[in-house]
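Colleague: Below is the structure I would like to discuss, written out as structure tokens.
Each value in this text was obtained by applying a stated rule to the coordinates, not by laboratory testing. No experiment lies behind these values; they were computed from the predicted model shown. Backbone-built Cβ (ideal geometry, glycine too); neighbour counts: all protein chains shown.
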Amino acid sequence: MSYLRTQLKLVVMWVFGMTLMIGNPALSAALKSDAPERYIVQRGDTLWDIASVYLDEAWQWPQIWEVNPEIDNPHLIYPGDELWLVKTEAGFKVQLMRGDQTGALSSTVVKLSPSIRISQNKNPIPAIPLDDIAQWLGRFRILGPADFDQAPYIVAGIDGKLLLKPGDLVYTSESGLLTATNYRIYQRGQTYRDPQSGDTIGTELLEVGQARRVSGEAEMPMLKILSSSEEISPGDRLLVSEERILDPTLFPKTNQLNLAGEIIGLRANATLAANNSVVTVNLGAQSGVMVGDLLRIAKRGASVADPVTGKMIDLPDRSVASLLVYQVYEQVAYGLVLVASEVLTVGDPVRSFP
């Protein structure tokens with residue numbers, strides 16, 4: 001029953017996501033000239049990969065996807081499934097076939113042999129490369145300026161120690177703020193400022209360990225460090241775990257707002273980003289950004305002298321990458337670079353699709 005409930009939940013989430021995307025106005029999907037008539041889904045594929053095989057703009061996939069009502073879980077695609085490009089009254093559509101159902105298609109199609117068949121108790125393919133997000137999800141979080149200043153923190157080990165490790169007991173600040181039992185320990189990371197105003201828009205925290213409260217009655221509550229991934233020191237913040245669950249059916253959708261921001265941070269002290277990199281942008285919930293939004297990253301146009309008039313002119317910005325937003329805070333968001341034709345860096349403009 002647990003497996004069936006999980007599958008039903010996946011279907012509901014997928015259908016909901018598809019409904020939202022189809023409801024967005026968009027240009028007609030442009031099929032690639034070499035779009036295959038038949039494609040066999042491989043292990044390791046994502047829906048984004050497959051959409052890129054058929055379309056110049058992969059995010060337009062919902063426009064060519066046609067649900068097959070005759071199969072179970074028609075919105076879930078498994079390794080070994082066959083996708084067929086067929087012409088309908090509404091134009092070209094991609095249909096899903098499982099097992100021997102492929103024989104119902106046009107006889108002009110040559111079927112490869114032997115066919116690949118995968119038991120349907122396997123996991124469906126994800127919509128996007130989840131592993132590239134999972135390695136960062138939960139390790140980093142953003143706090144607004146006020147929230148960071150008010151967060152409880154480690155004062156010292158009970159014997160005054162400053163270098164702390166698992167098993168150590170520590171004193172903490174603000175007994176009134178430590179209302180839970182289990183806590184994550186966070187080290188302060190980058191402080192993000194708005195590139196235009198200079199105002200602080202968020203402080204990034206890196207999870208370095210876990211702790212459990214063992215005494216909360218005293219003026220300075222006591223916690224026991226349970227684990228650590230990096231050095232733990234006085235001043236590290238204590239916060240309840242931020243639950244973040246990756247939706248395997250999360251597929252990019254365009255945001256209809258006229259968004260304008262830029263990359264303000266890269267992961268792991270990197271100076272450049274490329275495909276499947278995670279970046280931080282100065283667009284958040286206040287700007288209308290939502291999880292699943294697909295944004296475009298550009299390179300600023302160069303300033304050149306007009307060869308006739310001699311006046312300095314700015315060349316247009318050019319789009320070089322697509323960014324999937326997967327985690328949103330008030331003024332900041334994390335995104336995964338899905339497609340990049342050039343390397344990216346801090347300061348590159350981030351825009352909504354026209």
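Colleague: Express in nm, to one decimal, how much length is gained between Lys165 and Arg139 on full extension, taking 0.36 nm for each residue of separation and deducting their alpha carbon distance.
Modeller: 7.5 nm
Colleague: Take peptides 137-145, 340-348, 276-284 and line them up by average Cβ neighbours within 10 Å, highest first, as a rough protection proxy. Intermediate results must be reported in sequence, preceding the final value.
Modeller: Numbers: 137-145: 18.8, 340-348: 15.7, 276-284: 22.4.
Put in order of decreasing packing, that is 276-284, 137-145, 340-348.
Colleague: Treat each spin label as a single point 7 Å out from the Cα along the C-beta direction, and report the Met312 to Thr200 distance in nm.
Modeller: 3.5
Colleague: Percent of Cα-Cα pairs per 5 Å bin, from 0 to the last occupied bin, for segment 302-354, please list those.
Modeller: 4, 14, 21, 20, 12, 11, 9, 5, 4, 1
Colleague: Provide, as a two-decimal number, the C-alpha radius of gyration of segment 255-352 over 2.2 N^0.38 Å, N being how many residues it has.
Modeller: Numbers: Rg = 14.6 Å, N = 98, 2.2 N^0.38 = 12.6 Å.
Rounded to two decimals, the normalised Rg is 1.16.
Colleague: Mind checking segment 256-354 for trypsin sites (Lys or Arg not before Pro) that DSSP puts in a loop (not H, G, I, E or B) and that have at most 10 other Cβ atoms within 10 Å?
Modeller: When the trypsin sites (Lys or Arg not before Pro) of segment 256-354 are filtered for loop state and at most 10 Cβ neighbours within 10 Å, Lys311 remain.
Colleague: Straight-line reach only, C-alpha to C-alpha below 27 angstrom: list the lysines that Lys224 could link to, leaving out same-chain residues fewer than 8 apart.
Modeller: Counting by Cα, and skipping residues close in sequence, Lys224 has these lysines nearby: Lys161, Lys165.
Colleague: On to the next question. Would you mind getting me the FRET efficiency between Lys224 and Arg193? Use the beta-carbon distance for r and R0 = 30 Å, nearest 0.05.
Modeller: 0.25
Colleague: For each pair in Lys122/Lys253; Lys32/Lys299; Lys32/Lys311; Lys87/Lys299, compute the distance between the two Cα atoms and list the pairs where it is over 30 Å.
Modeller: Where the Cα-Cα span goes over 30 Å, the pairs concerned are Lys32/Lys311; Lys87/Lys299.
Colleague: Please report, in whole Å³, the volume per residue of the convex hull around the C-alpha atoms of segment 140-239.
Modeller: Numbers: hull volume 9.1 nm³, N = 100.
Per residue, the Cα convex hull of segment 140-239 comes to 91 Å³.
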